[in-house]
Amino acid sequence: LLNSAEHPAECHLGLRDYTKKGREYLDGPSLIVKADGAVVVSGKTLATVPPGKWLHVEIQLDLGSKDAAASKTYRLALTVAGAKPQVFDALPYANPEFSQFTWFGFSSVGKAGSVFYVDNIHLDQSAK
């Protein structure tokens with residue numbers, strides 16, 4: 001993810017569950033990269049990424065865990081180009097009822113004319 005230095009965006013990255021009856025969707029892992037570079041999860045700034053620098057985002061979740069607490073949280077690793085990863089474990093889902101990963105997306109929630117870039121997306125399901 002690269003937020004433009006000239007026209008920085010407010011970018012939302014999220015995973016959703018569209019299987020819950022009576023609800024449009026439930027948000028699971030969710031983060032916002034603000035125009036000033038703040039990376040915000042659940043209203044809390046976890047890191048700051050300078051606009052114009054590539055950011056590698058890695059999200060790991062275990063939807064098959066027998067541990068109820070583990071199945072309601074995820075691991076987030078943020079790596080700014082040329083820097084060491086910043087890792088955040090046991091982050092809560094935006095909605096604790098999230099249980100299935102059925103949608104993944106990026107959206108711009110900032111001002112018109114703002115720009116961000118997405119490259120090298122990799123989704124993987126691993127067996128334990």
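General observations
- Percent of Cα pairs exceeding the 19 Å cut-off, where the set is region 44-105: 40
- The chain: relative contact order in percent, alpha carbon pairs under 8 Å with at least 6 residues between: 34
- Multiplying the residue separation of Phe104 and Asp89 by 0.36 nm and removing their Cα-Cα distance gives an extension gain of 3.4 nm.
- Over the chain, equivalent-ellipsoid semi-axes from the Cα gyration tensor in Å: 26, 17, 13
- Thr19 sits with roughly 60 Å² accessible to a 1.4 Å probe, with DNA, RNA and ligands left out of the calculation.
- Residue-level accessible surface for Tyr18, protein heavy atoms, 1.4 Å, Å²: 100
- With an a/c value of 1.5 or above and a/b not larger than b/c for the gyration tensor axes a ≥ b ≥ c computed over the alpha-carbon atoms, region 79-128 is described as oblate.
- Within region 1-66, all pairs of alpha-carbon atoms sorted by distance into 10 Å bins from zero give the percentages 19, 42, 26, 12, 1.
- Look at the Cα gyration tensor of region 37-77: its axes a ≥ b ≥ c give a/c of at least 1.5 with a/b at or below b/c, and that counts as oblate.
The values are calculated or read from the model by the stated rules, or taken from the named source; none is laboratory data. In this text, all values refer to a predicted model and were calculated from it rather than measured experimentally. Calculation scope for accessible area: heavy atoms of the full protein, side chains included, ligands and nucleic acids excluded. Shrake-Rupley method; radii C 1.70, N 1.55, O 1.52, S 1.80 Å.
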